[in-house]
1. Would you please name the residue that is surrounded by the fewest Cβ atoms within 10 Å (Cβ to Cβ), looking only at residues in the range 87-105 that are over 23 Å from residue 77 (Cα atoms) and within 32 Å of the chain's Cα centre (by Cα)?
2. Of these, 60, 21, 75, which one is farther than 30 Å from residue 116 by Cβ, in a helix (DSSP H, G or I) and either modelled with pLDDT under 80 or under 15 Å from the mean Cα position of the chain (by Cα) (or both)?
3. Out of all the residues in the range 98-109, is one or more assigned to a helix (DSSP H, G or I) and either β-branched (Val, Ile, Thr) or touching a Gly at 6+ places or on another chain (Cβ under 6 Å) (or both)?
4. Quick one: which of 114, 65 is outside any helix (DSSP H, G or I) and not aliphatic (A, V, I, L, M)?
5. Among the residues of the range 117-144, which ones are part of a loop (DSSP other than H, G, I, E, B) and either surrounded by 13 or more Cβ atoms within 10 Å (Cβ to Cβ) or at positive phi (or both)?
Amino acid sequence: MMATLKKMIEPLRKISPEEFLMFKHWLINIATSGMTKEQKKDVEEAVEDSEEVESMRYNLERAITSEFEKIEGKLKEAKVEGKAEGKAETICQYLEVRFGAESQALQERVRTITDLDVLSRITNRIFVVVHLDEATALIEDHLVSQ
């Protein structure tokens, strides 16, 4: 649905005054089919007020663009959050395999980290630690430096 709406907004931005006039006449024909002559006249007068219609077009474009930007922002945030959760889970799986139940508290600490850069730095170095206290120091050092 988002892709369809995005495709619809582009032509609205590029429509020439002549094309807009054709669009208004098309809109009138579609909107007035099956109406009485008086109803058709009311619709035609409303649509012919091009300042109001232009304002409506502009407001519609702004609203759609704003919603796209919000959705794109939320998608980017969700993607970063997903990557962070994946890195945290990788670290926790390594701690579980390497140190077992002893690492449970440290795993819980890792799961509270949401900064993707911090998690990436920890992931790059966690696989070389030999002892649980080294892993703890590595993680705590990165948390202090954020």
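The values are calculated or read from the model by the stated rules, or taken from the named source; none is laboratory data. Owing to the predicted nature of the structure, the values given are computational and were not obtained by experimental measurement. Positions of Cβ are backbone-derived with ideal geometry, glycine not excepted, and every protein chain shown enters the neighbour counts.
1. Restricting attention to the range 87-105, the residues satisfying the condition of being over 23 Å from residue 77 (Cα atoms) are 93-105.
If we keep only those that are within 32 Å of the chain's Cα centre (by Cα) too, we end up with 93-94.
Working: 93: 11, 94: 18.
The selected residue is 93.
2. Working: 60 fails: either modelled with pLDDT under 80 or under 15 Å from the mean Cα position of the chain (by Cα) (or both); 75 fails: farther than 30 Å from residue 116 by Cβ.
It is 21.
3. Going through the range 98-109, the residues assigned to a helix (DSSP H, G or I) turn out to be 98-109.
Applying the additional criterion that residues be either β-branched (Val, Ile, Thr) or touching a Gly at 6+ places or on another chain (Cβ under 6 Å) (or both) yields none.
Scanning the range 98-109, I find no residue that is assigned to a helix (DSSP H, G or I) and either β-branched (Val, Ile, Thr) or touching a Gly at 6+ places or on another chain (Cβ under 6 Å) (or both), so the answer is no.
4. Numbers: 65 fails: outside any helix (DSSP H, G or I).
Going through 114, 65 in turn, the sole match is 114.
5. Of all residues in the range 117-144, those part of a loop (DSSP other than H, G, I, E, B) come to 127-131.
Across the range 117-144, the qualifying residue is only 129.
So that you can scan it fast, the table gives a plain yes or no per residue for (1) in contact (Cβ under 8 Å) with a residue 12 or more places away in the chain; (2) aliphatic (A, V, I, L, M):
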residue: 62; (1), (2): no, no
residue: 72; (1), (2): no, no
residue: 77; (1), (2): no, no
residue: 80; (1), (2): yes, yes
residue: 100; (1), (2): no, no
residue: 104; (1), (2): no, no
residue: 111; (1), (2): yes, no
residue: 133; (1), (2): no, no
